[in-house]
1. Scan segment 22-30 and tell me whether some residue there is part of a loop (DSSP other than H, G, I, E, B) and over 14 Å from Pro95 (Cβ atoms).
2. Taking segment 48-74 on its own, how many of its residues are among the β-branched types (Val, Ile, Thr), part of a strand (DSSP E or B) and either touching a His at 6+ places or on another chain (Cβ under 9 Å) or without any contact (Cβ under 8 Å) to a residue 40 or more places away in the chain (or both)?
3. Return the residue satisfying two criteria in turn: it lies in segment 81-114 and is modelled with pLDDT under 70 and acidic (Asp, Glu), and of such residues it is nearest to Phe45 (Cα to Cα).
4. Looking only at segment 21-41, which residues are loosely packed, with under 15 Cβ neighbours inside 10 Å and at pLDDT below 90?
5. Is segment 2-9 home to any residue that is assigned to a loop (DSSP other than H, G, I, E, B) and modelled with pLDDT of 85 or more?
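The values are calculated or read from the model by the stated rules, or taken from the named source; none is laboratory data. It should be emphasised that the depicted structure is a prediction, and the values quoted were computed from it without experimental measurement. Please note: Cβ atoms are built from the backbone with ideal geometry, for glycine as well, and neighbour counts cover all protein chains shown.
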Amino acid sequence: MNTGGEVWLNSVGQAVKVPTLSASQLGTGYIAAGSTTLTLSAGSFDSANHVGALVRIFGAGPKGRPLEARIKSVTSSSVAELEGAAFSTVTSGSPKPIWLSGVIVNQFFLEDTADWSSLPLPNNQP
C-alpha cells in the first residue's frame, strides 16, 4: 500500500491518510444480503494494508449489481468486515470476483431501489 502522502478529512473532520492501491483482483468471495461480513474463498486479506481500502463485490449490490464498500476491519486472512452491508446475496457455492482499489470519494445510487407501485396517486381531476 502506498499512502502517497495525501491526507483527507473523514466524515467527522478527522485527518486520515488515503490508501491508494492499484486496481487488482483480490480473489473470489461471498456475502449475505444485509451482512457486512465478506468471506474470501480464494485470495487473502492483509490487515496491515487492506483496512480502509475499497472493495468491489460483483453481484452483491442493488439488484445484483456490484457493491462498493470500504473494508472496516480484517478479522482473518479470509474474513473482513465492511462499512456497508450487501444488498444481494452472493453464495459460497458460486463466489464472485472481489476487486480491490483506492478510496470512495462520493458514492451515489443512481437508481431508485424502492417499490412505489403500491402508492396511490392523487386524483387531480378538475
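1. First, pick out the residues of segment 22-30 that are part of a loop (DSSP other than H, G, I, E, B): 22-23.
From what's left, over 14 Å from Pro95 (Cβ atoms): 22-23.
Yes, that holds for at least one residue.
2. So in segment 48-74, the residues among the β-branched types (Val, Ile, Thr) come out as 51, 55, 57, 71, 74.
Remaining after also requiring part of a strand (DSSP E or B): 55, 57, 71, 74.
Those still in the list that are either touching a His at 6+ places or on another chain (Cβ under 9 Å) or without any contact (Cβ under 8 Å) to a residue 40 or more places away in the chain (or both) too: 71, 74.
Residues in segment 48-74 being among the β-branched types (Val, Ile, Thr), part of a strand (DSSP E or B) and either touching a His at 6+ places or on another chain (Cβ under 9 Å) or without any contact (Cβ under 8 Å) to a residue 40 or more places away in the chain (or both): 2 in total.
3. As a first pass, look at segment 81-114 and keep what is modelled with pLDDT under 70: 102-114.
Next cut, acidic (Asp, Glu) only: 111-112.
Working: Glu111: 31, Asp112: 33 Å.
My answer is Glu111.
4. Ser22, Ala23, Ser24, Gln25
5. At the first step, the residues of segment 2-9 found to be assigned to a loop (DSSP other than H, G, I, E, B) are 3-6.
Restricting the remaining residues to those that are modelled with pLDDT of 85 or more gives none.
No, the conditions are met nowhere in segment 2-9.
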